[in-house]
Amino acid sequence: MANEERDGYDPSSVEEKWQRLWEERGTNTFTREELENAENPFYNLMMFPYPSAEGLHVGNIYAFTGADVHGRYQRLTGKTVFEPMGFDAFGIHSENFALKIGTHPMDLIPSNVRNFTRQLKRIGGMFDWNHSVDTTDPSYYKWTQWVFLQFFKAGLAERKEAPVNWCPSCMTVLANEQVVGGACERCSTPVEQRRIAQWFFEITKYAQRLLDNLEHIDWSPTTLKAQSNWIGRSTGAQLHFPIVNGKGEETGASIEVYTTRPDTVFGATYMVLSPEHPLVDRVTDDGLRAPVYAYIDKASKKDLVARQKADKSKTGVPTGGYCRNPATGELIPIWVADYVLMNYGTGAIMAVPGHDTRDFEFATQFDLPIVRVVAGPDASSDTPLEEAYVGAGKLVNSGDFDGTDTTESVDIVTRWAAEAGWGEARVNFRLHDWCISRQRYWGPPIPIIHCEACGPVAVPEADLPVVLPRVEDFKPDDSGVSPLARVEEWYRTTCPECGAAARRETDVSDTFLDSGWYFLRYPSADFDDRPFDPAITKKWLPLNTYIGGNEHAVLHLMYSRFITMVLKDLGHIDFEEPYEVFRAHGLIIADGAKMSKSKGNVIVPDPIIDEFGADTFRTYLMFLGPFEEGGDYRPQGIQGPYGFLHRLWDTVVSAVAGPPDVDVERKVHQTIRQVSEQLPALQFNTAVAALMECLNAIRAGGRSALRAEVEPMVVMIAPFAPHVAEELWERLGHEGSIFDGANWPDFDEAKTIETSIVIAVQVNGKLRASINAPVDVSEADVVVAARAEENVARHLEGVMERRVIYVPGRLVNFVVG
RNA sequence: GCCGGGGUGGCGAAAUCGGUAAACGCAGGGGACUUAAAAUCCCCCGGGCUUCGGCCUUUGCGGGUUCAAGUCCCGCCCCCGGCACCA
């Protein structure tokens, strides 16, 4: 428990004092001139929060504190650290919450932002509040719209039809997270899919580059892996299967399929088209139109989530149409089934039931032929298939290719197909284009004007921002379009090109577009004539460290890399990777689950800070466990860091002058070395432990500390406990902030060296004694001393000694037997 | 199902390249100081046995490699996060 009478350290008064002084002195803020002229610039970024009504929770603070500790350490080593903070405040969460409580988001967000700002100041983050951003501020989204226009003008923003979740009862578009078990979360009506025109950014054009650059950026390995899997590059072939008419004659048209296993083409016994495939109509036999259309209708009524989460039982219908397998020359039937997705590959597959699990299930269910074309080591060409065989082996039942090993068969068969003119090697990506349209209210309007004569026309840059109007009734309604489409006085305008009456785009853009470029805006947040000032951008970007959660490994971190690449190609910036270093922190969970309001396990920081102070709380969070792994939040251990900071205070204020104690001095230098290594590696928990250990050594037996011992301790605790460090620094007689002037201590290598060491003595790997020896002891001396140990001698008696293993400075092991 | 990350005392955890398992802290126990309490300092703290010298055992489970395995290899089980018919 907090005890105010304990001694002179009163966290709340120290913290109030220093937060006030930081603000008055501008300790953490920069003027434009300071940013322009900074020496050793270090841009330390963390993921800006969505300002919810509940305020910051412990999970947020954990992430920000870790990043702040890192930034403060860099600053103490002499870097000019720019550490901005902002608010990602547009989006469906705010909108839904505003609807629920009946407050307009334009009123709700500013009050949430105020509360977040208060909390962020209270935890002692080194934030530059002169360079904050709020994505809902027109002075910010003006430039989000500008980014859209750059993509539009470069031909990278394309309008095309795409399916959305549609609730036929609410008559509105739903986001995936609003679909619960295939039904609308509000009215429980089964959700359908509908196709509407939407804007897409063509990220797939950059897929290879986004993948290639992963080779040379310094990111957490887990995040790199997630990005690489998400891009999902695969190599294979595109094959053409000619469509035949009722008499078996080729019609000139063909079905294009993408496959990673073109070598199994001899086993393709049927074709499957996705229900949305444009050729379905053409191949369907007149007599089967009714069931085929019924099937397609049913498939289209499934919502997108259910469609993708269907269980293993397959559905489908035959079209009555046929095409020719170009390898075997045989006619094979064409089916329609929804296990084939229109948005991957070509939307059509050649089914090889012998060697693909899904095709096998489908063929079994509909009694389609299954042919073995690969034989593993224990099989031959006529070994029956109980299930799909997906392993390696040799081709069988494959004409001239029988006996070809699967290690080379893909290349060989692809070459043959290419020579014969029915296929070619092909690279395919899993990554889809990025749909940035939202049929919603709470976002930046997409800056496009639709003109009947000119088509979609960019809003002239001089006319930005296209301001989101205040609409009291922003609830989606039965019009089936964005709420802005009901505001006629807003959307009616004239075409910037021909002057004719025209209509504004009424969709708003995705929040990932807001967050896709915010790091470019921070240093230029006080510029109004450009999205980012070229000189300042050149000085501060690409940024030095980005620390954030791995839940953004694929969306935000991929989109912002893509935007950066495009802006580079368009000549706006001169780098293409925004984050040289990215580190993923772990997740703080409570009671075995992610903190969430619905689970009721959200822990709010304010009462903890009231009781123990921000410095203790910060130190505790960092001491809890490895920062990059996260872990369970348990409040029990906070007493440890609390007592530690109190003891540190007592020790510092009572430090005296005097001659150094060699053992304590050695410990201090060892600690400086360890903490200096561990802080840049984000190993905060062990760094705090080292500081505790060092303080224990300084205070051992109740001895009085020396000034020379405590001064480095004050600097080293400063990243974790900045307020108390400032106060103690001042009490040690220093002027100004501890964070100004590169105060990080140096260590003297010579003073870290131990004079004597402990060497373990083992017999057959079991510890039997340990001996003290001088640090430069010889192997021979160690062995002699080890034998002299009574307990060792007993275990060596009467047995044959076979080997002696000596690990210098660590152990000696007698192998006997 | 696939891809990541984990599993070590009552609890949070630590452990360079394979080299004394449990640093640091919480909780608990004992002692010193104190009229008392707090704070502070010292000691104990995985389990079992002990003649108090020690001995055996212990890092999710089962095997293996090695003088030596928490760490490497093979096969399982469980927990967390992400993705979900990707041809």
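I'd like to know if the range A:463-471 contains one or more residues that are open to solvent by 10 Å² or more (accessible area, probe 1.4 Å), assigned to a loop (DSSP other than H, G, I, E, B), at negative phi and modelled with pLDDT under 90. Yes, the range A:463-471 contains a residue that is open to solvent by 10 Å² or more (accessible area, probe 1.4 Å), assigned to a loop (DSSP other than H, G, I, E, B), at negative phi and modelled with pLDDT under 90. Between A:ASP297, A:ASP212, A:ASP218, the distinction of being without any contact (Cβ under 8 Å) to a residue 12 or more places away in the chain, within 29 Å of the chain's Cα centre (by Cα) and open to solvent by 60 Å² or more (accessible area, probe 1.4 Å) belongs to A:ASP212 only. Please work out which residue is farthest from the chain's Cα centre (by Cα), limiting yourself to the range A:787-817 and to residues that are more than 13 Å from RNA strand B (Cβ to nearest atom) and closer than 14 Å to A:ALA760 by Cα. In this case the residue turns out to be A:ALA788. Scanning the range A:534-572 for residues that are more than 16 Å from RNA strand B (Cβ to nearest atom) and of a type in the set (Gly, Ala, Ser) turns up A:ALA535, A:SER560, A:GLY571. Only one of the numbered conditions (1) within 13 Å of RNA strand B (Cβ to nearest atom); (2) polar (S, T, N, Q); (3) closer than 23 Å to A:GLU665 by Cα is not met by A:THR755, and that is (1).
When the range A:689-705 is filtered for residues that are open to solvent by 10 Å² or more (accessible area, probe 1.4 Å) and in a loop (DSSP other than H, G, I, E, B), the ones remaining, listed by number, are A:ARG703, A:SER704. All told, A:GLY798 falls short of being part of a loop (DSSP other than H, G, I, E, B), of a type in the set (Gly, Ala, Ser) and closer than 25 Å to A:ALA657 by Cβ.
With respect to A:ILE738, determine if the residue is of a type in the set (Val, Ile, Thr), within 15 Å of RNA strand B (Cβ to nearest atom) and either closer than 23 Å to A:LEU691 by Cβ or open to solvent by less than 60 Å² (accessible area, probe 1.4 Å) (or both). The answer is no for A:ILE738. Annotation note: of A:ALA392, A:ALA379, A:ALA375, A:ALA388, the sole residue that is more than 16 Å from RNA strand B (Cβ to nearest atom), of a type in the set (A, V, I, L, M, F, W, C) and open to solvent by 10 Å² or more (accessible area, probe 1.4 Å) is A:ALA379. A:GLU361 falls short on exactly one of the conditions (1) open to solvent by 30 Å² or more (accessible area, probe 1.4 Å); (2) assigned to a loop (DSSP other than H, G, I, E, B), and that condition is (2). Considering the range A:492-594, the qualifying strands (runs of 3 or more DSSP E), each wholly inside and each with 1 or more residues that are touching a residue at least 24 places away in the same chain (Cβ under 8 Å) and among the small types (Gly, Ala, Ser), run over A:501-504, A:545-549, A:581-585, A:587-590. Scanning the range A:325-341 for residues that are in contact (Cβ under 8 Å) with a residue 60 or more places away in the chain, more than 7 Å from RNA strand B (Cβ to nearest atom) and outside any strand (DSSP E or B), which turns out surrounded by the fewest Cβ atoms within 10 Å (Cβ to Cβ)? Among residues in the range A:325-341 that are in contact (Cβ under 8 Å) with a residue 60 or more places away in the chain, more than 7 Å from RNA strand B (Cβ to nearest atom) and outside any strand (DSSP E or B), the one surrounded by the fewest Cβ atoms within 10 Å (Cβ to Cβ) is A:THR328. The condition of being among the aromatic types (Phe, Trp, Tyr), assigned to a helix (DSSP H, G or I) and either away from RNA strand B (no atom under 14 Å from the Cβ) or modelled with pLDDT of 90 or more (or both) holds for only one of A:TYR322, A:TYR295, that being A:TYR295. Would you check which residues across the range A:706-725 are more than 19 Å from A:VAL675 (Cα to Cα) and open to solvent by less than 10 Å² (accessible area, probe 1.4 Å) and list them? Passing the criteria: only A:HIS723.
The values are calculated or read from the model by the stated rules, or taken from the named source; none is laboratory data. All values derive from a computational prediction rather than experimental measurement. Virtual Cβ from ideal backbone geometry, glycine too; neighbours counted across all protein chains shown. Each accessible area value is taken on the protein alone, full model and side chains, heavy atoms only, with ligands, DNA and RNA left out. Shrake-Rupley method; radii C 1.70, N 1.55, O 1.52, S 1.80 Å.
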